[in-house]
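Beneath this line is the structure, given in structure tokens, with notes to follow.
The values are calculated or read from the model by the stated rules, or taken from the named source; none is laboratory data. In this text the structure is predicted, and so the values were computed from the model without any measurement. Using ideal geometry, Cβ is built from the backbone for each residue, glycine included, and neighbour counts are taken over all protein chains shown.
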Amino acid sequence: MKNLERLNYVRFDERGETFEGNIASLEFDEDIRGVKLESSNTGAPAYRVFGKTPKDREVEIGAVWRRKNDQGQEYLQLSVHMPGRTVRANLGKYPGETDDSLMSVIFWRD
């Protein structure tokens with residue numbers, strides 16, 4: 001079996017200011033980049049998310065928000081616009097993952 005390329009992940013830089021990654025399914029395969037958004041608006045996203053057009057132009061395609069679960073623990077929620085639909089996912093750790101900068105993309109089932 002050949003070495004598989006990593007899919008459905010984001011990797012944050014050491015300061016948490018930006019991230020790069022990929023989201024993929026049978027319908028799309030998009031490399032993404034996130035940039036931290038500084039805002040005093042409590043409803044504003046934590047990161048803006050960018051993708052590339054077929055002509056290799058960078059465009060904003062979504063955002064990442066900080067959310068809290070029922071136990072008050074913070075997590076990150078991704079929402080991006082793909083052709084024909086909006087993709088929503090949580091960002092989290094694979095069991096046993098030791099790299100704190102790496103998070104998997106866990107898609108919601110609509």
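Structure summary
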read-out: Flag for ASP29 being without any contact (Cβ under 8 Å) to a residue 24 or more places away in the chain and on the phi > 0 side of the Ramachandran plot; value: no
read-out: Residue that is exposed (fewer than 13 other Cβ atoms within 10 Å of the Cβ) and among the basic types (Lys, Arg), where the choices are ARG88, ARG109; value: ARG109
read-out: The listed residue being of a type in the set (A, V, I, L, M, F, W, C), surrounded by 14 or more Cβ atoms within 10 Å (Cβ to Cβ) and at pLDDT 95 or above, out of VAL49, VAL59; value: VAL49
read-out: Condition met for TYR47 (of a type outside the set (Val, Ile, Thr) and touching a residue at least 24 places away in the same chain (Cβ under 8 Å)); value: yes
